[in-house]
Amino acid sequence: MSGTKNLESELFAEIRARIKEDDVTAPLRKGPYYYYERTSEGKEYVQHCRRPLPHSQAQVPPSVNDVMPTGDDSLEHVILDENVKAQEHEYYSIGAFKVSPNHKLVAYAEDTKGDEIYTVHVIDAETGALVGKNLTGTTSYIEWAGDSALVYITMDAILRPDKVWLHKLGTEQSNDKLLYHEKDETFSVDLQASESKKFLFVASESKTTRFNFYLDVSKPEDGLVVLTPRVDGIDTSVSHRGNHFFITRRSEELFNSELVACPLDNVSETTLLIPHRESVKIQDVQLYSDHLVICEREDGLPKITIYGLPNVGEPLNGLQGGRAVDFLDPTYSAYPTESEFSSSILRFSYSSMKTPPSVYDYDMKTGISVLKKIEPVSHINMFPKFTFVFFET
């Protein structure tokens, strides 16, 4: 391949020239901080950063017009610099970066060999000091169960995620509590936190079946509770808000999915919110304190619809109306990203053939969208050595 060295160098230089190396992701407000990632020219990895909100701003509900403060009372703090960590290893990848509910600790999953077998570290978010001992031999699935416990997943000999564990900070990993063991080799388990952060959801799935458990993070020692049972051919995904679980259910008959809700204290009593439709596919559901966001696909295009929800404690008998998010172009890609549960702001990514990848904040009460970030487009001639001749036929 020695004869291609010059071409390789030329291609690499052109590809790199198209990348904005000094960059910052769109900051996301979480509690009293803005969190974001920073990349720097000449460095291969990101810095995980945050800035505190001034006390006066922290008392005001988030707005789509908010801008991250950058003054002396809101200095940038680098929580974790992957470039520094990567210097010790030939390979380096972080599979999860999770801030504790009180924002004092961070748990991150680190792979230093490329085999996707992770080690979980817990550090002080301010000092970077290690808290407790590392958890070894894990997947990248980790979630906080309160401020002093973690739930994580390990794998079997063939690297199938099969066991779910509860770890209390300051204790030995050998003393961790086994919450669930999936013995069926056609199934694997995964883990996610509810948007409300009040529950963790553990799912076990095969190619055609998915069922769920929930864990109350206020009392994790009580263990997992069945939310949707194992039924062959039924695929369920779950969310939470107030005194209801929300369940997206798919099967051979419900191939585009339906959405139901059930009370926390009676999961078998479901209310149909969105029926199955042959021409519209439910792809995702996001819950907020006052809103329900449905991500669908219709006529080949993504669609995001916002529904207002009754006050917590009031009956949930159905959904009233719904506001669709308007997009600029006739064909596009759009999908929600992480947002703050307690706010009325939906964050989504958007792009099209003529619009570069962009990030918007959408006010679910007013319908106003505000652009938060757009990827720059390099005006480099992609074909400098070619002449194009067009013939009329």
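Bear in mind these aren't lab numbers, they're just calculated from the coordinates by the rules spelled out. All figures in this text were calculated on a predicted structure; none of them were measured in a lab. With ideal geometry, Cβ positions are generated from the backbone for all residues, glycine too; neighbour counts draw on all protein chains shown.
For region 293-332, the list of chymotrypsin sites (Phe, Trp or Tyr not before Pro) that fall in a loop by DSSP and count at most 15 other C-beta atoms within 10 angstrom reads 332.
In the distance distribution for the chain, Cα-Cα pairs more than 42 Å apart total 18 percent. Per-residue extension of 0.36 nm, minus the Cα-Cα distance of residue 272 and residue 353, leaves a gain of 25.4 nm for this segment. Summing charges over all other residues whose Cβ lies under 12 Å from the Cβ of residue 236, with Lys and Arg as +1 and Asp and Glu as -1, gives +1. Quick one: in region 28-91, what % of C-alpha pairs are over 13 Å apart? It works out to 66 percent of all Cα pairs. Straight Cα distances below 16 angstrom link residue 43 to the lysines 20, 85, with same-chain residues fewer than 8 positions distant left out. Computed over all pairs of different Cα atoms, the Kirkwood value for the hydrodynamic radius of region 142-234 is 13.5 Å.
Projected label points at residue 221 and residue 172, each 7 Å from Cα along the beta carbon direction, are separated by 2.0 nanometres. For the chain, adding -39500 (n - 2.57) for each run of n ≥ 4 DSSP H residues and dividing by the number of residues yields -1500 deg cm²/dmol at 222 nm.
Residues 216, 361, ranked from the fewest to the most other C-beta atoms within 10 Å, line up as 216, 361. Annotation note: GluC sites (Glu not before Pro) in region 296-373 located in DSSP loop regions with a Cβ neighbour count of at most 15 within 10 Å are 338. Within a straight-line Cα-Cα reach of under 19 Å, residue 198 can be paired with the following lysines, leaving aside sequence neighbours fewer than 8 residues apart in one chain: 30, 98, 104, 168, 219. Note on residue 255 and residue 368: the model spin-label points, each 7 Å out from Cα along the C-beta direction, lie 4.4 nm apart.
What number comes out for the charge environment of residue 290, summing +1 per Lys or Arg and -1 per Asp or Glu over other residues with Cβ under 10 Å away? Kindly include the intermediate steps, with their values, before the conclusion.
On the way: positive: 241, 365; negative: none.
Counting the neighbours of residue 290, the net charge comes to +2.
Each eigenvalue of the Cα gyration tensor of region 279-392, multiplied by 5 and square-rooted, gives one semi-axis; in descending order these are 38, 17, 10 Å.
Note on region 279-392: lysine pairs with Cα distance below 30 Å, sequence gap of 8 or more or different chains, count 14. Distance from the C-alpha centroid of region 182-233 to that of region 262-314: 20 Å, rounded to the whole angstrom. Give me the net charge of residue 109's neighbourhood, meaning all other residues with Cβ under 14 Å from the Cβ of residue 109; Lys, Arg count +1, Asp, Glu -1. Charge balance in the 14 Å sphere: -4.
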